[in-house]
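Q: Take a look at the following structure, please.
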Amino acid sequence: MIRSKLLYILTLAAVVIQSCRSDEQVVNVEDSIITDSPSSVTDAGNARGMYLLCEGNMGSNKATIDYLDLSNPDGKVHYQRNIFASRNPTAVKELGDVGNDIQIYGSRLWIAVNCSNKVEVCTSDSCHRIGQVNIPNCRYVAFAGRYAYISSYAGPVTMGSVQQGRVYKVDTLTLEKVDSVTVGRQPEEMAVIGGKLYVANSGGYTPDNYDRTLSVIDLNTFVEERRIDVDVNLHRVRKDRYNQLWVTSRGDNGGRASCLYYLTVGADGIMHVEGKIDTPVSEMCIVGDTLYYIGTQYNNGVQSGNTGMGLIDIRRHEPISTTMFRAPEIAAMELPYGIAVNPDTKSFFLMDAKNYVSSGELLHFHPDGTLAWRQWTGDIPSRAVFVSKGYADNTPVEPPHTGNSPWIEAVDEYVPAPGQFVNMLPKYDSGDDASAMIRKCTEYIAGEAGRLVTLGGFGGYITFHFDHPVMNVPGEYDLQIFGNAHSDGSEPGIVMVSQDTNGNGLPDDSWYELSGSADIDSVGKVMYGYEITYRYVPMSNVPWTDNMGNSGAIERNTFHSQEYFPLWRTGTDGGMMTFKGTRLPDNAHKKSGNASLWTLVPMRYGYVDNLSNADADGCSFNIDWAVDPVTRQHVRLDKIDFVRVYSAMNQQCGWIGETSTEIQGARDLHK
């Protein structure tokens, strides 16, 4: 057990361990009604409840789980203490010694209890025990696909130990350990980005010689590829919606202060340290574009100075000025220890660990920082996870979907912009109308057909659906969409998603954009609300004008002699086609030394036909990336019914022609 308070706890352990739980009775759940106010229930957003992990002091076997019930049938807000013991009365020694991490993945609740050398796995809706995974001195849990990854000190609690740590790979269905890999000393939190697992190594058992690296593990081979030098005594690792990593250093408990680092993937495709924010961060929570943090600095295991709280803009890497943490109840907290933010309502919870050996306190605040209520908890409340209304044990609350295919069922719309492959992919035949072209597109990309459909120049789009809604599973990619990108050949298209809120089975409801890496990497270069109009001129370059006062043409070339304007649209709207959307910055460059060759550089993530289909993560999309295309504000969607892809560049590359997105199919990653 190596937290910043370790030295303090080791001193207490000799006293506390005398009352170890061998002769104690299981504590029954304590149910309290916090408030009768319906507004508190409304403030829950999509959460039906929240689990709070209380660590319990080391050696006392007093780890507990409390539950905040936000959807009780009586309309009141209930707080239940120590639910694991009451719902699992046959569990040996209740939850165990030092609760270190709690996570929800799908419909299962994972709890790492490090000094008890185990991870408990329960149902997420009821906390009923499913099974246990035995991991020595386990610390934190991360997930990707079918597997859980658990960091481990790989040895007992021993100050001075130079034991290398390990990460265990566990099948989330069978709970079997399938592999493990050696990492740095005393590994802590982890995060998954682009098929890589990033692990913070602390070296916390040797305060005179801390580790200072981040291990990088390839999840395909499960081999440690390299280590990134960051700073001493690393602890927290969180990824944001832009695939940046946020990593905390706890400092050296002396002259070297705690601080926060942010890392991004460079042009070489490798994660690098990009910058540092000089503020102590002991716990953090990322919601949308905001990082919420509390920061306690320690000196030799004892709190040193005041605890700070604040916000950081993750796109600009800058602190945000705010008054939300100025409430007198916050100033009076004895030891702020944990923070959780409701992603729907932005209300937040602070956890006060008090003196580490008695009951802690949970304080709930409205988004503006005014206190809503406070409640006593178990010992050392530290981490919280929200339970979505979408799950009940292993069964969705909504009626089960009958659709089972992971592949596209049908195309709903096909409106390509002019381009050199239009009328060829798919082939236009005389007399074809829009419906006929939609049927052809369905034949090309539905199921596992795997043929190419072109979207033409900027704005051209295709809309399709599956035989079921695609669910937004927290922490996972939800969709894969395939194109024909290759090395030096990226023609990125933007993904839009929509829910059938009016229930008519048509793609006529609100659309939301899945925000990709250009929104963070190319600030000031992305054009939002870009509009272009093409004009039909038979068998000629297709002229265009845009809302920026520019004009140009989709130019014909010697390789494709057919009409470039979609022929079934020539008699529509006076032979004019107008498209509006987000225009990505140009990515084409002439190769040095050979002016006839072009390089089309890919974006980091988040676009169709951007990275090779062989790069599974590069072709994958997370519904959590959804933003309103006008306001650019994050939108939370539990599921989507329709997907739209459109060409997002207006770029001409000499003899290569216009940059046009192609699509080859798509799949639901949860089927």
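Q: What are the pairs, 6+ residues apart or on separate chains, where a residue within the range 414-426 that is free of Cβ contacts under 8 Å to residues at least 60 places away in the same chain and on the phi < 0 side of the Ramachandran plot has its Cβ under 7 Å from a residue that is open to solvent by 20 Å² or more (accessible area, probe 1.4 Å) and of a type outside the set (Ser, Thr, Tyr)?
A: Sorted first by the residue in the range 414-426, then by its partner, the pairs are Tyr414/Ile438; Pro426/Lys440.
Q: Condition first: touching a Pro at 6+ places or on another chain (Cβ under 9 Å), at pLDDT 60 or above and not acidic (Asp, Glu). Now tell me which residues in the range 22-59 satisfy that.
A: Listed by number, the residues that qualify are Gly45, Asn46, Ala47, Leu52, Leu53, Cys54.
Q: Which one of Asn201, Asn209, Asn220, Asn243 is open to solvent by less than 10 Å² (accessible area, probe 1.4 Å) and among the polar types (S, T, N, Q)? If you could, list the steps in order and put the result at the bottom.
A: Working: Asn209 fails: open to solvent by less than 10 Å² (accessible area, probe 1.4 Å); Asn220 fails: open to solvent by less than 10 Å² (accessible area, probe 1.4 Å); Asn243 fails: open to solvent by less than 10 Å² (accessible area, probe 1.4 Å).
After applying the criteria, what remains is Asn201.
Q: Could you check how many residues of the range 219-276 are in contact with a Lys or Arg (Cβ under 8 Å, 6 or more places away or on another chain) and in a loop (DSSP other than H, G, I, E, B)?
A: The number of residues fulfilling the criteria is 9.
The rows are residues; the columns are (1) within 24 Å of Ser32 (Cα to Cα); (2) among the small types (Gly, Ala, Ser).
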| position | (1), (2) |
| --- | --- |
| Glu318 | no, no |
| Ile330 | yes, no |
| Glu334 | yes, no |
| Pro343 | no, no |
| Asp352 | yes, no |
| Ser359 | yes, yes |
| Leu371 | yes, no |
| Ser388 | yes, yes |
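Q: Let me ask another. Restricting the search to the range 86-99, which residues are at pLDDT below 85 and of a type in the set (A, V, I, L, M, F, W, C)?
A: First pass over the range 86-99, keeping only residues at pLDDT below 85: 86, 89-94.
Ala91, Val92, listed by residue number.
Q: Which residue, of Gly489, Gly483, Gly475, is surrounded by 15 or more Cβ atoms within 10 Å (Cβ to Cβ) and touching a Leu at 6+ places or on another chain (Cβ under 6 Å)?
A: Gly489
Q: Mind listing whichever residues of the range 436-449 are free of Cβ contacts under 8 Å to residues at least 60 places away in the same chain and open to solvent by 60 Å² or more (accessible area, probe 1.4 Å)?
A: Arg439, Glu443
Q: Could you look through the range 513-544, keep only residues that are open to solvent by 40 Å² or more (accessible area, probe 1.4 Å), outside any loop (DSSP other than H, G, I, E, B) and over 14 Å from Met649 (Cα atoms), and pick out the one that is modelled with the highest pLDDT?
A: Per the criteria, the residue is Arg535.
Q: Restricting to the range 625-653, what's the tally of residues that are closer than 22 Å to Val411 by Cβ, outside any loop (DSSP other than H, G, I, E, B) and modelled with pLDDT of 95 or more?
A: Here is the first cut: in the range 625-653, the residues closer than 22 Å to Val411 by Cβ are 626, 629, 637, 639-648.
Now drop any that are not outside any loop (DSSP other than H, G, I, E, B), which leaves 626, 639-640, 642-647.
The next check asks that each one be modelled with pLDDT of 95 or more; those that pass are 626, 640, 642-647.
Total meeting the criteria: 8.
Q: For the range 231-259, which residues satisfy the criterion of being within 19 Å of the chain's Cα centre (by Cα) and at pLDDT below 95?
A: Lys239, Asp240, Arg241, Tyr242, Asn243, Gln244 - these are the residues of the range 231-259 that are within 19 Å of the chain's Cα centre (by Cα) and at pLDDT below 95.
Q: Additional query: Does the range 157-176 contain at least one residue that is modelled with pLDDT under 95, under 24 Å from Glu283 (Cα atoms) and open to solvent by 10 Å² or more (accessible area, probe 1.4 Å)?
A: yes
Q: For the range 554-582, give me the residue count where each residue is assigned to a strand (DSSP E or B) and open to solvent by less than 30 Å² (accessible area, probe 1.4 Å). Steps first, answer last, please.
A: Going residue by residue through the range 554-582, those that are assigned to a strand (DSSP E or B) are 554, 576-582.
Still in the list and also open to solvent by less than 30 Å² (accessible area, probe 1.4 Å): 554, 577, 579, 581-582.
Count: 5.
The values are calculated or read from the model by the stated rules, or taken from the named source; none is laboratory data. Because the structure is a prediction, the values reported are computed rather than measured. With ideal geometry, Cβ positions are generated from the backbone for all residues, glycine too; neighbour counts draw on all protein chains shown. These area figures cover heavy atoms from the full protein model, side chains too; ligands, DNA and RNA do not enter into them. Shrake-Rupley method; radii C 1.70, N 1.55, O 1.52, S 1.80 Å.
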